[in-house]
Amino acid sequence: MQRETYPEWFRQNLPERSGVYLFKDRAGEIIYVGKAKNLRKRVLSYFRPPEELPRKTSLMILRARGVDVILTTTEQEAFILESNLIKRHLPRYNIVLRDDKQYPCLRLDTREPYPVLASFAG
């Protein structure tokens, strides 16, 4: 598939669901892991003209040769999966969660009749 056809393919094939996406380079190495509430919308946002993207993002997209996606049931599940995948693969373009100095904060209020996992800044 030609690089120019990626956006149209993503528009037709990626679901509007939560999940994690993994950009890979020519060798198949994961170079970036991200999460999204809407995978289609988020992945398509990377395929704007290079001058509309931050320099780091533009360089990453030039190196990327493929994208894998993992669907999740909830946005919180995507949040946890993204963190675990970054720590496991140490992608070149992920810097926030890679160094283990920042941890995702999650809250589960067991006093609620139906506890819900929620992320928050902590």
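What residue, among those in the stretch 1-42 that are over 20 Å from Ile80 (Cβ atoms) and of a type in the set (A, V, I, L, M, F, W, C), is most open to solvent (accessible area, probe 1.4 Å)?
Just the residues of the stretch 1-42 that are over 20 Å from Ile80 (Cβ atoms), to begin with: 1-14, 16, 24-29, 31, 40-41.
Then drop every residue that is not of a type in the set (A, V, I, L, M, F, W, C), which leaves 1, 9-10, 14, 27, 31.
Numbers: Met1: 134, Trp9: 113, Phe10: 15, Leu14: 11, Ala27: 83, Ile31: 6 Å².
Once the filter is applied, the top-ranked residue is Met1.
State yes or no: is Gly66 touching a strand residue (DSSP E or B) at 6+ places or on another chain (Cβ under 9 Å) and open to solvent by less than 30 Å² (accessible area, probe 1.4 Å)?
Numbers: touching a strand residue (DSSP E or B) at 6+ places or on another chain (Cβ under 9 Å): yes; open to solvent by less than 30 Å² (accessible area, probe 1.4 Å): yes.
In short, yes.
The values are calculated or read from the model by the stated rules, or taken from the named source; none is laboratory data. The structure displayed is predicted, hence computed values, not measured ones. Cβ sites come from the backbone with ideal geometry, for glycine too, and all protein chains shown count toward neighbours. Remember, those area values only see protein heavy atoms, side chains included, never the ligands or the DNA or RNA. Shrake-Rupley method; radii C 1.70, N 1.55, O 1.52, S 1.80 Å.
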